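Here's the structure we're looking at; comments come further down.
The values are calculated or read from the model by the stated rules, or taken from the named source; none is laboratory data. It should be emphasised that the depicted structure is a prediction, and the values quoted were computed from it without experimental measurement. Here the Cβ positions follow ideal geometry from the backbone for every residue, glycine too, while neighbour counts run over all protein chains shown. These accessible areas exclude ligands, DNA and RNA; they are computed on the full protein's heavy atoms, side chains included. Shrake-Rupley method; radii C 1.70, N 1.55, O 1.52, S 1.80 Å.
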Amino acid sequence: MDFKILIKKLNGKLTKKEAIIFNQWYHESAVHRSYFNRLKDNYSQELDNIDVEKAWQKLSQKISKRKKSQAYWKFGVAASIALLVALTIMFNRDSLQNSEPTVVHSDISVGTDKATLTLEDGSVVVLEKGKKYQTQNASSNGEEIIYNKTTNTRKSLTYNYITVPIGGQYNVVLSDGTQVWLNSDSQLKYPVSFVEGETRQVELVYGEAYFDVSSSFEHAGSGFRVNNKSQIIEVLGTEFNVKAYKDEEHIYTTLVEGEVLFIAGAVEEKLAPSQQMVLNISNGNMLVMEVNVYNEISWKDGIFSFRRKPLGEIMRVLSRWYDIEVIFENKKLENAGFNGVLGRDQNIEEIIEAIKNFGIIENYEINNKTVILK
C-alpha cells in the first residue's frame, strides 16, 4: 500500500480511485485493519514532531523528476515520514531507509491510452489519447474506439486488428455492443460487423483482455466465442478476463459473472463466477481454482492489485505497463512474495520505493529504461 494513500485517508482527502485502492487493501485482511487502526492512533501525535522542510530536501535529492507541485509533495513527505515513524514504533523496522536508491537517469513514463488499428485493406491508423478518428464504421476519441451497431447480412466478414503496445491500454466497443478492455502488449482480431444469426467470434491473438459480452438475447440467441491458438471460450452473455501473453507458459481465464464453456482440444469445462482456468500451453494440463476476482481484473480500473504474487511475476506486469527492462541482481528476489494495492498512474519510482519500504528489496537502481533490483 502506498504510504500517501493511508495518510490521505486519515485526512479525508482520498480521490475516488484512491478510495477504491484503500478499501480493497483495508478489507483484504484483519492484519491490514489492525495496522491501519494502530497507525491512526499514532498519526496525530507524531506529525507535530516532523521537520517538513528538512524532509522535503531529502526526498528531492532521492527523486529528481517529480512532475507534481512542491506544495503537494511537502504534504506527501510529511505523511510518509509520519507513517515511517509509526512503523518504527509498531514493528521496530528501523532499516526501512538504510540505503539510498540510485537514479542515474530515468526515462520511464506511465502507460497511457494508445494503439494501432489495422484496417481490412492493410492500412494502419495510430490511435492515441487526444487524437480523434472517424470512419464510416467506427469512431475514436483517443481513449476507445466504438463501432457502429450494424448487422451483416451478406454472410461475409471483414476484419480489423487492434494492437496495444507495451506501455499502452485501449478500449473497444464492438458492433454488437460487447465491450473489450485491452491491456499492454495485446492484440485483438474482430469483424467490423457480425453475421446475423451466426456465432459472434473474435480472436485474442495475444495479451490480456477483459470482455463484457453483449447478451445473446439481444442477438437472436447468437452466442459469443473468444478464440486463442490454445483454447476457445464460449459464452452467451457474461464478463470474464483472459490473460494469454506470449512470454508466459500459462493462459489464465477468469470468470467474473455468468457462465462460460472452456474448450481446449477434446476437453470441455464450465466455469462458475470467481473460478479461474489455468492452462499450461506446453503440456496441456489444466487446473480450475477459486480466485479473488478483483485482483485479476483491477488493471482495467487503473489499479495494480497483487496478492501473494512473486516479485518476478509482478515485475513482468510492471515492465509491460512502464515499458522497462527489469534485472534482478539477486535472483532469489524473483520468488519473494509481495502483497500490495497501487495505482497504475503512479511513477515507477513510487512503485519500486513502496516495495523497498516493505523490506522486499534492499535497494534499486534506475538507468534510462532499466531497473536493477538489489
Quote the accessible area belonging to Met289 in square angstrom, nearest 10, computed with a 1.4 Å probe and with ligands, DNA and RNA left uncounted. 80
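Where does the charge balance sit around Asn241 when Lys and Arg score +1, Asp and Glu -1, over other residues with C-beta under 14 Å from its C-beta?
Details: positive: Lys243, Lys300; negative: Glu208, Asp212, Glu239, Glu257, Glu296, Asp301.
Neighbour charge sum, excluding Asn241 itself: -4.
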In nm, to one decimal, how far is the Lys229 label point from the Asn23 one, both placed 7 Å along Cα→Cβ? 4.1
Rank these by accessible area, largest first, 1.4 Å probe: Leu157, Leu287, Leu119. Leu287, Leu157, Leu119
Assuming R0 = 22 Å, what is the FRET efficiency of Ile281 and Arg308, from their Cβ-Cβ distance, to the nearest 0.05? 0.40
Cβ-derived FRET efficiency at R0 30 Å, Ala30 paired with Glu365, nearest 0.05: 0.25
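Report the trypsin sites (Lys or Arg not before Pro) located in the stretch 151-215 that are in a DSSP loop and have at most 11 other Cβ atoms inside 10 Å of their Cβ, or state none. If you can, show how the numbers build up before the last one.
Working: sites: Arg154, Lys155, Lys189, Arg200; in loops: Arg154, Lys155.
Those satisfying the criteria are Arg154, Lys155.
Within the stretch 303-374, list the chymotrypsin sites (Phe, Trp or Tyr not before Pro) lying in a DSSP loop whose Cβ has at most 16 other Cβ atoms in a 10 Å radius.
Values: sites: Phe304, Phe306, Trp321, Tyr322, Phe328, Phe338, Phe358, Tyr364; in loops: Phe358.
The qualifying sites are Phe358.
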Determine, from the Cβ-Cβ distance of Glu218 and Leu261 and an R0 of 22 Å, the FRET efficiency 1/(1 + (r/R0)^6), rounded to the nearest 0.05. 0.65
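With a/c under 1.5 counting as rounded, go ahead and sort the stretch 163-276 into rounded, prolate or oblate using the C-alpha gyration tensor (a ≥ b ≥ c being the square roots of the eigenvalues; past the cut-off, prolate if a/b is larger than b/c, else oblate). Intermediate values should be presented prior to the final figure.
Values: a/c = 1.64, a/b = 1.16, b/c = 1.41.
Since a/c reaches 1.5 but b/c is at least a/b, the shape of the stretch 163-276 is classed as oblate.
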Among the listed pairs Lys16/Lys149; Lys114/Lys155; Lys114/Lys243; Lys16/Lys374; Lys4/Lys331, which have their C-alpha atoms separated by more than 25 angstrom in this model? Lys16/Lys149; Lys114/Lys155; Lys16/Lys374; Lys4/Lys331
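Out of the stretch 260-332, which GluC sites (Glu not before Pro) are coil in DSSP terms and have no more than 14 other C-beta atoms within 10 Å? Could you put the intermediate results ahead of the total?
Numbers: sites: Glu268, Glu269, Glu290, Glu296, Glu313, Glu325, Glu329; in loops: Glu329.
The qualifying sites are Glu329.
How much of the accessible area of the stretch 221-299, probe 1.4 Å, is carbon plus sulfur, in whole percent?
Values: 1720 of 3530 Å².
After summing per-atom areas, the C and S share lands at 49 percent.
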Of Lys8, Lys270, which has the most accessible area and how do the rest follow, probe 1.4 Å? Lys270, Lys8
